[in-house]
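Single-structure report; data block below.
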Amino acid sequence: MARAKSFVMHMTGGPVELPSTILGIREALPERQRDEFNAEVEHAEAADLPLLLARWAMRIPAEQDAAEADVVGRVKAGDFSGVTFDNESDDAWRSAG
């Protein structure tokens, strides 16, 4: 079975490829976060590692972060221009936060 060499996260500016190995994630994180990452990985149960690695990979700075922050800031300020809602489907998956 072929293994993924990266996570792909879809953001406002398009897909972002992030490392999916412990070493790759550690090296891509800002230095100030690496000790916390190491401690979590070293104490994680094996079954918890995939989710833990994905969560930490999402903290890696990406080129699209500024565009994402802009959209979130506008929506929090009440500006929904350019935002579309899918009123036709079951929206039980949506977060209330």
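The values are calculated or read from the model by the stated rules, or taken from the named source; none is laboratory data. Everything numeric here is computed off the predicted structure, so don't read it as measured data. When we count neighbours, we look across all protein chains shown, and the Cβ atoms used for this are built from the backbone with ideal geometry, even at glycine. Quick note on the areas: whole protein, heavy atoms, side chains included, nothing else; ligands and nucleic acids left out. Shrake-Rupley method; radii C 1.70, N 1.55, O 1.52, S 1.80 Å.
Residue 85 passes every criterion in (1) open to solvent by 80 Å² or more (accessible area, probe 1.4 Å); (2) over 17 Å from the mean Cα position of the chain (by Cα); (3) of a type outside the set (Ser, Thr, Tyr); (4) at pLDDT 85 or above apart from (4). Could you list, in sequence order, all residues of region 41-75 that are charged (D, E, K, R), at pLDDT 90 or above, farther than 17 Å from residue 7 by Cβ and part of a helix (DSSP H, G or I)? If the condition is that a residue be charged (D, E, K, R), at pLDDT 90 or above, farther than 17 Å from residue 7 by Cβ and part of a helix (DSSP H, G or I), then 42 is the only one that fits. Out of everything in region 35-45 that is closer than 20 Å to residue 9 by Cβ and of a type outside the set (Val, Ile, Thr), what residue ends up being surrounded by the most Cβ atoms within 10 Å (Cβ to Cβ)? Per the stated criteria, the residue is 37. For region 14-53, the set of residues classified as over 28 Å from residue 71 (Cβ atoms) and among the small types (Gly, Ala, Ser) consists of 39, 44, 46, 47, listed by residue number.
Condition check: assigned to a helix (DSSP H, G or I), open to solvent by less than 80 Å² (accessible area, probe 1.4 Å), of a type in the set (Asp, Glu) and modelled with pLDDT of 75 or more. Does residue 27 satisfy that? No; evaluated as a whole, the condition is false for this residue.
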